[in-house]
Structure formats: C-alpha cells, structure tokens
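Here's the structure, in structure tokens; my notes come after.
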Amino acid sequence: HEPKKQILTDYVKHTEAAELLARPLRQRSAARSSLVHTEKELKRIDSRIESDCLDMDHIFLPFYDFLWGMLALAPNATLLQTAGVLWLIWRQSLQRMGLIRPKQHDPKETAANLVLESYRAMHYASQRVINGKREGVFIWRDFPVLDADGNMRVYSLFAVYIDLDERILNRATLDDREITAEEAIVVIFFSSISSDHVKIHALGNWACNVEQDGDQTLKRLSIVSICYNYFGFTAFKFIAAFWHRFLNFRWNPAELQKVFDHGIKQGIPAHAAIAELAPHSELVDFTNKLRTKFLNKFHSMRDTFPGVDGEAFFASTIVHSLDHQQAMWGIRDPLWIEFDGVRDEFKPMAQCCR
C-alpha cells in the first residue's frame with residue numbers, strides 16, 4: 001500500500017513507522033515454491049519478492065494443518081449452507097403459492113443503504129449539490145457481472161447516484177443505460193458477494209502466518225483464514241456445481257469463478273476521499289475512526305505479530321466481519337432481491353444473490 005499523504009495518521013511522521021506503512025505488500029507463500037516438505041524443514045519463498053496482485057488462495061498448508069481445518073470447519077460450514085439453501089427454497093415456494101410476502105421495504109432506500117452502509121462505499125467518487133440536495137456519485141469501473149445466460153460480462157462503467165440527505169437512490173446506470181431500483185439492488189449486492197468481497201479475503205492472506213510457532217493462537221487463526229479462502233475460492237466451484245445439478249441454477253459456477261478472478265486481479269480501488277462520506281454513513285465514520293487507533297495499537301505491538309501486515313490485519317478482521325454483517329442488515333429478507341420483477345439479464349445474478 002502507498003497511502004495518500006493527506007490521510008496518513010500522526011504516528012506515520014516517525015521515520016520507522018513511515019517505512020513500515022510505505023512498503024508494498026510482499027509476496028506470500030507461492031503455490032509452486034513454498035511450503036514444500038524437505039527432510040527436516042519447509043522451504044519458504046524469499047519475502048523480498050513483491051507480489052504482482054492480490055491472490056485469494058495461494059498459501060499451502062502442511063497436511064495435518066489442512067486436515068484439522070477440514071475436520072473442524074468444513075462440517076459446520078456445510079451444515080449452515082445446506083440449512084440456509086433449504087430454508088430459502090421453502091420460502092420461495094410459499095411466495096409462489098401466495099402464502100407469504102416479502103417484508104415491506106422501499107427499494108430506493110434499500111439500494112442506497114447497500115452502498116452507504118457497506119464497503120461498497122469505497123467506490124465513492126464525488127458529491128455535488130443539485131436543487132439544494134447533496135448527491136453522492138459512486139463509480140465501478142471495468143465491472144464484471146453475469147448476463148442473461150449466466151456468463152460473465154464486463155461493463156465499462158456502473159454508476160450509482162444517491163441523495164445523501166434523504167438516503168435514497170436517485171438513479172443507477174450500466175454503461176449509460178438506466179436500470180430500476182430493484183435491478184440496482186441486484187447489481188450492488190452481486191458486487192458485494194462477488195468481485196468486491198473477494199478482495200478482502202485475498203488481502204487477508206497478508207495477515208496470516210502459519211510458518212511461525214511462537215503464537216499458537218495466531219497460527220491456528222491463520223489456518224482458519226487460509227482454509228476458508230480455499231473453501232470460498234478453489235473448492236467453491238465444486239460446491240456450486242453440486243447445487244447447480246440439483247437446483248437448476250440459471251448461473252454458471254465456472255463463470256462466477258471468472259467474476260471472482262476479475263475482482264481479485266483488479267485490486268482495491270483508491271478511496272482516499274471516502275472520509276467525505278462520514279457525515280452520511282455510520283459505517284464509514286466508525287471505520288475511519290477505528291482504523292487510526294487500530295494501526296497505532298498494532299504498530300506498538302507489531303513484534304507479537306511476525307510476518308503480518310497491519311492494513312491487511314485490519315481488513316481481514318474489522319472490515320471483513322462488518323462486510324458480512326452489513327450485508328445481512330442491508331438485506332433483511334432475501335426475497336427483497338427481486339427475481340420476477342427484474343429483466344431477464346438480471347435474473348441469474350438475482351438467483352445467485354439470494
């Protein structure tokens with residue numbers, strides 16, 4: 001990372017701290033050359049090599065650490081996923097029969113909330129005053145989605161315009177073509193669960209260290225993070241293919257994997273101006289205030305976190321957890337994600353989002 005001068009915290013003025021934060025992220029254990037068992041030790045990659053881009057699943061684990069992760073994590077994750085999908089199928093069936101309706105909500109408010117009170121706010125570009133009201137502009141460039149056939153398509157520009165005073169969506173466009181509020185909810189939430197969220201997971205690899213034995217808690221939690229990145233990236237295509245066979249998904253799991261890849265390779269967009277949203281977003285205000293204190297504290301005790309990057313540590317703990325929770329609060333009923341009320345080109349994404 002190379003943070004902008006205007007957003008550096010006070011302690012960065014000290015030479016040592018400035019050097020620590022200004023360093024680019026170093027490449028973590030690479031698939032073909034790291035953690036390869038030799039007779040007495042594990043081979044490690046040269047930490048001076050810089051990584052070309054983020055990578056969600058590239059750290060190898062010793063066999064017994066991986067086995068522990070599979071036994072301790074996979075059964076619970078599988079049970080939660082299965083129960084959630086079956087409950088969704090049941091509610092969708094009741095809705096089709098006219099026995100239940102989604103909870104009441106205003107699609108324009110929901111769409112605005114999905115941006116302002118989530119880390120989609122990092123796509124903030126500018127704000128302007130129109131007819132006495134302040135409008136925020138949010139831009140996604142080179143934006144990957146799933147099309148009507150369930151295949152990946154990349155739009156040049158996805159733009160969202162939000163009335164910051166009323167906290168409602170004014171309009172949203174895909175390559176200058178306007179879409180409805182219901183369709184905007186689908187597209188924004190799809191960004192949340194695909195090309196945006198994987199960036200946080202990928203960055204989290206630089207907050208892991210399984211090659212040290214000094215802190216067993218840090219090592220165990222690093223194994224958990226690496227296993228979940230494996231589940232959510234490498235193993236995901238097999239899990240999705242299973243559900244695709246039984247539920248006749250409109251979206252192609254292999255194409256969704258391409259969306260993940262596209263998002264990871266894009267990296268994290270510059271978002272220094274996001275502080276301007278603090279008066280309009282509880283999440284942005286909280287994160288900005290906490291980040292300074294978090295990094296100050298991390299710097300004071302960084303020796304207890306060998307091989308861990310402070311920004312990556314903040315992203316993989318605070319940011320990642322809140323990204324999940326804010327998604328749940330933003331979509332309190334999965335039926336808010338319209339399927340019948342959107343055009344065919346948005347239906348595969350809507351099904352995926354639910």
Top-ranked residue in segment 223-242 [being closer than 12 Å to Met70 by Cβ and hydroxyl-bearing (Ser, Thr, Tyr); ranked as least open to solvent (accessible area, probe 1.4 Å)]: Tyr230
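Considering only residues that are in a strand (DSSP E or B) and open to solvent by 60 Å² or more (accessible area, probe 1.4 Å), which ones fall in segment 142-151? Quick ask: steps written out before the conclusion?
Within segment 142-151, the first condition is being in a strand (DSSP E or B), and the residues that meet it are 142-146.
Listed by number, the list holds a single entry, Asp142.
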Members of segment 106-119 found to be under 12 Å from Ala181 (Cα atoms), part of a loop (DSSP other than H, G, I, E, B) and touching a helix residue (DSSP H, G or I) at 6+ places or on another chain (Cβ under 7 Å), listed by number: none
Residue among Arg101, Arg91, Arg96 that is among the basic types (Lys, Arg) and either touching a His at 6+ places or on another chain (Cβ under 8 Å) or open to solvent by less than 60 Å² (accessible area, probe 1.4 Å) (or both): Arg91
Enumeration of residues in segment 230-247 that are over 18 Å from Leu80 (Cα atoms) and not in a helix (DSSP H, G or I): none
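Evaluate the following for Ser316: is it open to solvent by 20 Å² or more (accessible area, probe 1.4 Å), hydroxyl-bearing (Ser, Thr, Tyr) and out of contact with any Phe, Trp or Tyr (no Cβ under 6 Å at 6 or more places or on another chain)? Outline the logic, then answer.
Numbers: open to solvent by 20 Å² or more (accessible area, probe 1.4 Å): yes; hydroxyl-bearing (Ser, Thr, Tyr): yes; out of contact with any Phe, Trp or Tyr (no Cβ under 6 Å at 6 or more places or on another chain): yes.
Yes; evaluated as a whole, the condition is true for this residue.
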Whichever residue in segment 292-302 is within 20 Å of Asp323 (Cα to Cα) and in contact (Cβ under 8 Å) with a residue 60 or more places away in the chain and, among such residues, is surrounded by the most Cβ atoms within 10 Å (Cβ to Cβ): Leu295
Scanning segment 79-97 residue by residue, the ones that are farther than 16 Å from Asn248 by Cα and hydrophobic (A, V, I, L, M, F, W, C) total 6
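Can Lys219 be described as outside any loop (DSSP other than H, G, I, E, B) and open to solvent by 30 Å² or more (accessible area, probe 1.4 Å)? It would help to see each step written out before you state the result.
On the way: outside any loop (DSSP other than H, G, I, E, B): yes; open to solvent by 30 Å² or more (accessible area, probe 1.4 Å): yes.
Taking the combined requirement at face value, the residue satisfies it.
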Starting from residues that are in a helix (DSSP H, G or I) and touching a Cys at 6+ places or on another chain (Cβ under 8 Å), keep the ones in segment 248-269 and report whichever is surrounded by the most Cβ atoms within 10 Å (Cβ to Cβ). Leu256
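Tell me, please, whether a residue that is in contact with a Leu (Cβ under 6 Å, 6 or more places away or on another chain) and crowded, with 19+ Cβ neighbours inside 10 Å can be found in segment 205-213. Spell out the reasoning first.
Pass one, segment 205-213, residues in contact with a Leu (Cβ under 6 Å, 6 or more places away or on another chain): 206.
Filter once more, keeping what is crowded, with 19+ Cβ neighbours inside 10 Å: 206.
Taking every residue of segment 205-213 in turn, at least one turns out to be in contact with a Leu (Cβ under 6 Å, 6 or more places away or on another chain) and crowded, with 19+ Cβ neighbours inside 10 Å.
Would you call Leu335 in contact with an Asp or Glu (Cβ under 7 Å, 6 or more places away or on another chain) and in contact (Cβ under 8 Å) with a residue 24 or more places away in the chain?
In short, no.
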Could you check how many residues of segment 155-191 are in a helix (DSSP H, G or I) and open to solvent by 10 Å² or more (accessible area, probe 1.4 Å)? 3
Which count do you get for residues in segment 120-141 that are in contact with a helix residue (DSSP H, G or I) (Cβ under 9 Å, 6 or more places away or on another chain) and open to solvent by less than 70 Å² (accessible area, probe 1.4 Å)? 12
Scan of segment 194-225 for residues that are touching a helix residue (DSSP H, G or I) at 6+ places or on another chain (Cβ under 7 Å) and among the aliphatic types (A, V, I, L, M), ordered by number: Val198, Ile200, Ala202, Leu203, Ala207, Val210, Ile223, Val224
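The values are calculated or read from the model by the stated rules, or taken from the named source; none is laboratory data. Computed from a predicted structure; not experimentally measured. Heads up, the Cβs are rebuilt from the backbone with ideal geometry, glycines too, and the neighbour counts pull from every protein chain shown. To get the accessible areas, we keep the full protein, side chains included, count just its heavy atoms, and leave off ligands, DNA and RNA. Shrake-Rupley method; radii C 1.70, N 1.55, O 1.52, S 1.80 Å.
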